[in-house]
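Report on the following structure.
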Amino acid sequence: MDNLPHNKPSGYDIDLGNQCSQNAFNWAKKTFVNRQGKPGEIALKVDGAFSNMLLFNGLKLGITSDGIGTKIELAERTGIYNTLGYDLVAMVADDLIAGGFVPTSISNILDVDHLHYNTIDQLMQGLHHAANFAGIAVTGGEIAELGNRIGGWGNGMHFNWCSTAIGILHPSLQTPIDGSQVHEGDAVIALRSRGFRSNGFSAVRRIMSQNFGNNWHTQQYTDAHTWGEVLLTPSLIFAPAVIRALNEGIHIKGIAHITGGGIADNFRRVLKVNQLGANLHNLFEPHPFMEELQQLGNLSPQDAYLYWNMGNGMLLVVPQNQVNKAIDALQQGEYKCRIAGHVTNKKRISIEVGSVSLITSLEQED
């Protein structure tokens, strides 16, 4: 593994990251036998699922963990800390709902170099607001002061923030949503993202630094907002919209939470179960600041759609005869959605957005 190329545009090798994650999961999977036949038995159905299911005497719980990564630097640069809670909740709540699990609670770990009361207060205020938005409880947490083991930008408190969330399988479901019921001809619905969510910031920071220097966050994007403020745009939590659709009886066959790896890398998790593909010819256009950043970084469409969600934060697969009902259920409040395409019997994902045309083969995917 050590001789794999590391000269990726983002400074992060997604292929190597996937291989390391798969290796880590292979080790973890060897421990599942410890709970076999006991409360808390692992009920994994698909490798690479967004969350896992635990069985407790008939109760079906989902569990997942994640963090917000280097988006933290945007808060350090702008001094705005009360929006990161939305990113922390979105990363785990939307992974849970991708399996059909209604998020119920979240526990968080905040590792800091030194304690700063007001900064921590802003972070927790944001987590409180995000938890209320998602309808979940913050049931646990830890603040660990680790000194110079934690670094960051500027002279303020530096930190890393991660969480674990649990949820209960939606009462309309007997088994998790895992893509096993997806068929050729099913419709794909896209939910609009607000921005980069909490992924792809290694590429973002490298591009901005190369173009504007160390204080790139102070550059004006519009008369009203700096680049730092725009890039810090908090994640929209999709779980409440999906829960509403499930409550209204929509048969959601597959859900892809578009995080690191972009559209194709995440949507393939849904499609690979039945060896299918998709034609995505009507995705949301990228946000203007995404397109401008792509131009500043001289990124190819292949790289941009690999590192970023490009305006599409979640994809759902539903039967064609439920498309209108699904859109009515999903598209309420600030949620926006559209029919993005359909499932095909070809083992590839085709993306067509404006002048961009990309094809990702799934033939060699595990």
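Just so it is clear, none of the values below were taken in a lab; they were calculated from the coordinates. Just so we're clear, the structure is a prediction, and the values are computed from it rather than from any experiment. Counting neighbours? That spans all protein chains shown, and the Cβs are built from the backbone with ideal geometry, glycine included.
Remark: segment 170-175, residue by residue, has Karplus-estimated 3J(HN,Hα) of 4, x, 7, 10, 8, 9 Hz, where x stands for each Gly or Pro and the curve is 6.51 cos²θ - 1.76 cosθ + 1.60 at θ = phi - 60°.
Here's how it looks for residue 41: its modeled amide H is under 5 Å from those of 55, which are all 5 or more places away or on a different chain. Residue exposure proxy: 216, 153, 161, 227, ordered by other Cβ atoms within 10 angstrom of their Cβ from fewest to most, comes out as 153, 216, 161, 227. Here 162, 20 are placed in order of increasing Cβ neighbour count within 10 Å, fewest first, which gives 20, 162.
Listing 51, 355, 172 from the residue with the fewest other Cβ atoms within 10 Å to the one with the most, what is the order?
Numbers: 51 25, 355 6, 172 13.
Fewest-to-most ranking of 51, 355, 172: 355, 172, 51.
By the rule of a C-alpha distance below 22 Å, with chain neighbours fewer than 8 residues away ignored, the lysines paired with residue 346 are 253, 272. The amide H of residue 312, built 1.01 Å from its N in the peptide plane, has 193 as neighbours under 5 Å, considering only residues 5 or more places off or on other chains.
Calculate, for residue 35 and residue 247, the FRET efficiency according to 1/(1 + (r/R0)^6) with r their C-beta to C-beta distance and R0 45 Å; round to the nearest 0.05. Walk me through the intermediate numbers first.
Details: r = 31 Å, r/R0 = 0.69.
It comes to 0.90.
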